[in-house]
Amino acid sequence: MPVITYTISELSKEFDITTRSIRFYEDQGLLTPQRNGLKRIYTTHDRTWLKLILRGKRLGLTLAEISQILELYDPHATNNDQQLLVFIEKIKTRKTALQQQMEDIRALQDELNAAEERCNKALSNHPTLENQS
């Protein structure tokens, strides 16, 4: 069975990212393509890793967190429960952080609404400014 390989340009187009991004992930040790001279040759494993990296980024994980999850993968294992458990923990942490951000945004919106209301009330008490609105 022939081995499927990809060029950096093919992966760049498929995932709609720049070749520079892919090289950056390589520099960070997240991808390790084979080389043929200066040409990078990516395998289906590299493609899968890139897909997981991009998914992790969309979920708001740091590259360090993504790297930690990827390092737990064992291609010889019948399951990768440890990898999944770490990923679940990262997801829970991210969800908690997002929940806090949502609460902070709601509180800020309430403060902004109250400030706007106070300003409008103050303006309504100045008849000379009423005509300008």
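Throughout, read-outs are computed from the coordinates displayed, never taken from laboratory work. For clarity, every value in this text was computed on a predicted model and none was experimentally measured. Positions of Cβ are generated from backbone atoms using ideal geometry, with glycine treated the same way; all protein chains shown enter the neighbour counts.
Brief remarks follow.
- For the residues L30, L123, L72, a GNM of the chain with alpha-carbon springs under 10 Å puts the largest fluctuation on L123.
- Pairwise centroid distance, computed over Cα atoms, of the stretch 1-30 with the stretch 37-105, Å: 17 Å
- Packing-based ranking of 61-71, 103-113 yields 61-71, 103-113, ordered from highest to lowest mean Cβ neighbour count within 10 Å.
- Reported label for calculated Rg and Dmax of the Cα atoms in Å given [x] 24.9, 85; [y] 14.1, 40; [z] 17.7, 70: [x]
- Computed on the chain, with alpha-carbon pairs under 8 angstrom and 6+ residues apart, the relative contact order is 15 percent.
- Out-of-range pairs (alpha-carbon distance over 24 Å; input K51/K90; K13/K51; K39/K90): K39/K90
- Percent RCO, i.e. relative contact order, over the stretch 1-71, from Cα pairs under 8 Å lying at least 6 residues apart: 30 percent
- Helix 81-124 vs. the chain, principal-axis angle (Cα, 0 to 90°, nearest 10): 20 degrees
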